[in-house]
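Data first, discussion second: the structure below is written as structure tokens.
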């Protein structure tokens, strides 16, 4: 079974631009979560989607948004990029239910110049 | 607010040693705790998932224990190998946080040949 895939793997953007990252969960997984990882803040939760609905949201500004499609694939968008948005963005998927393990993708490395 | 702490932040050992990584969390109202491994610049690989009702889980040379009431977990690695070198992260899933995982800062492990 294929794992969680994320595209693109690497991205370089300029301040003020916007970016869209994509995540395809493991087949059969309907819950998708996004995390930001930086050296200073560690891993921080962005949001979670299930059945095309945002179920949970972390403490990030409105510039960060996401969505989920009917096939469970998810995208996150960051508008008006800032230098501090440079990070590794990780996507995780799981089966529905509190007892299930979460599986992470390889991440998208975003560099904002 | 849940806080997760991992000690030590870094650890360097000779090959063959048995070692213990520690994780503590402030809110004992958790569903489960998950240990991950992260290689430099890569995504997270799930190692072990312990449900709140369990005391320990084992996979190969890895054994993780959980003491929910005291807010502690340990990851025991037997007969360490250079290939075990990575950052080890623990994460908890709270009873009121949906799929959100709260991560510790990680322990960076180096196993020297």
Shielding of A:4-16 by partner chains, average beta-carbon count, 10 Å: 0
Per residue of B:34-46, what is the mean number of Cβ atoms on other protein chains within 10 angstrom of that residue's Cβ? 4
For chain B, what does the relative contact order come out to in percent, with C-alpha contacts under 8 Å and a separation of six or more? 37
Mean separation of Cα contacts under 8 Å (6+ apart) over length of chain A, as relative contact order %: 36
Sorted by average packing, counted as other Cβ atoms within 10 angstrom per residue and highest first, what order do B:47-55, B:11-19 take? B:47-55, B:11-19
Please report how far the C-alpha centroid of the range B:1-80 lies from that of the range A:2-28, rounded to the nearest whole angstrom. 28
Per residue of A:86-95, what is the mean number of Cβ atoms on other protein chains within 10 angstrom of that residue's Cβ? 2
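Each value in this text was obtained by applying a stated rule to the coordinates, not by laboratory testing. Nothing here was measured: the structure is a model prediction, and the numbers come from that model. Cβ coordinates were reconstructed from backbone atoms using ideal geometry, including for glycine residues, and neighbour counts include every protein chain displayed.
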